[in-house]
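Colleague: Here it is, the structure, as structure tokens.
The values are calculated or read from the model by the stated rules, or taken from the named source; none is laboratory data. Since this is a predicted model, take the numbers as computed values, not measurements. FYI the Cβ positions are ideal-geometry reconstructions off the backbone, even for glycines, and counts take in every protein chain you see.
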Amino acid sequence: MEIKYFESYEKMSEQAAEIVANEIKAKPTKNFVLGLPTGSTPLGMYANLIEKNKSGLLDFSKVTTFNLDEYYPIKHDNSQSYYKFMFDNLFGSININHENINIPDGEAVDAGSECESYEEKIKKSGGIDLMVIGIGPNGHIGFNEPDNFLLPDTHIAVLTEETKEANKRFFDSVEQVPDKALTMGMGSILKAKKILMLVSGKSKTEIFKKFLQGEISTSNPSSFLHLHNDVTVLSDVGI
Ligand code: PGA
């Protein structure tokens, strides 16, 4: 595992975009499969990727993406959907073929079969080349929350009251926070060939310290990254 510390969020974000760009450029003729997160942490990286694309330094026309998670149920055009987040912050501003964009469908009638077909689509794509993730203050990755057990494949996660409370700031009221989410499982994430984790902000100090101790536990889903042999962590959190 490679861990790099940056003095500022901006520098960390530039480096994250540089890593993503270099991986995409290293596979110019074939379809590159990129896993993507939402949240505040990747915003700087997305801004840098848009910049590279606009200046002709990076081509997304042969990139396929798979997003980590989505609320359920939620309409695509809901201001809080991860679908809208991704189009507002990345997809709407780069030359990606929209047919190559995959986000768990918050509008699916049958959430269970949506999860199965999402996992199948990842497999059919040839697998994720580079999976970019953030980390929650409680160690969650996507909606894989600390629990007695974790699930390997894309599945329906029931939001804890704690998570609903934490996320209600984005909605008009806590009642409007969806009860569930569709999320890649820890197995879907760990099957990626490479993983890039971004850790930003003071609220991540404690969990990052715990992560660095290296003990693997379902009480800290991020700790399972220690089982993967190609993980890069970029952090602006001083320990
Ligand atoms: P954040 O979210 O980037 O908004 O901190 C990360 C996460 O909860 O996984």
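Colleague: Kindly provide the set of residues from region 8-29 that are in a loop (DSSP other than H, G, I, E, B) and in contact (Cβ under 8 Å) with a residue 24 or more places away in the chain, ordered by number.
Modeller: Selection gives 8, 27, 28, 29.
Colleague: Could you check region 104-139 and list, in sequence order, the residues that are in contact with a Ser or Thr (Cβ under 9 Å, 6 or more places away or on another chain) and within 16 Å of the ligand (Cβ to nearest atom)?
Modeller: 104, 131, 133, 134, 135, 136, 137, 138, 139
Colleague: Could I ask something else about it? Given the conditions (1) modelled with pLDDT of 95 or more; (2) loosely packed, with under 14 Cβ neighbours inside 10 Å, report the number of the one that residue 174 does not fulfil.
Modeller: (1)
Colleague: Give region 128-172 a look and list any residue that's under 19 Å from residue 36 (Cβ atoms) and touching a Pro at 6+ places or on another chain (Cβ under 8 Å), or say none.
Modeller: Selection gives 132, 133, 134, 140, 141, 142, 144, 154.
Colleague: Here's a follow-up. Mind listing whichever residues of region 30-86 are in contact (Cβ under 8 Å) with a residue 40 or more places away in the chain, in a strand (DSSP E or B) and farther than 25 Å from residue 204 by Cβ?
Modeller: 32, 33, 64, 72
Colleague: If you don't mind, there's one more thing I want to ask. Is it fair to say residue 135 is within 27 Å of residue 59 (Cα to Cα), among the aliphatic types (A, V, I, L, M) and assigned to a loop (DSSP other than H, G, I, E, B)?
Modeller: Taking the combined requirement at face value, the residue does not satisfy it.
Colleague: Name the single residue, out of those in region 188-218 being within 16 Å of the ligand (Cβ to nearest atom), of a type outside the set (A, V, I, L, M) and outside any helix (DSSP H, G or I), that is nearest to residue 129 (Cα to Cα).
Modeller: 200
Colleague: If a residue must be crowded, with 16+ Cβ neighbours inside 10 Å and either closer than 18 Å to residue 142 by Cα or in contact with an Asp or Glu (Cβ under 9 Å, 6 or more places away or on another chain) (or both), how many such residues does region 65-79 contain?
Modeller: Residues meeting the conditions: 10.
Colleague: Residue 87 versus (1) of a type in the set (Phe, Trp, Tyr); (2) farther than 30 Å from residue 211 by Cβ; (3) under 14 Å from the mean Cα position of the chain (by Cα): which is the lone unmet condition?
Modeller: Residue 87 satisfies all of (1) of a type in the set (Phe, Trp, Tyr); (2) farther than 30 Å from residue 211 by Cβ; (3) under 14 Å from the mean Cα position of the chain (by Cα) except (3).
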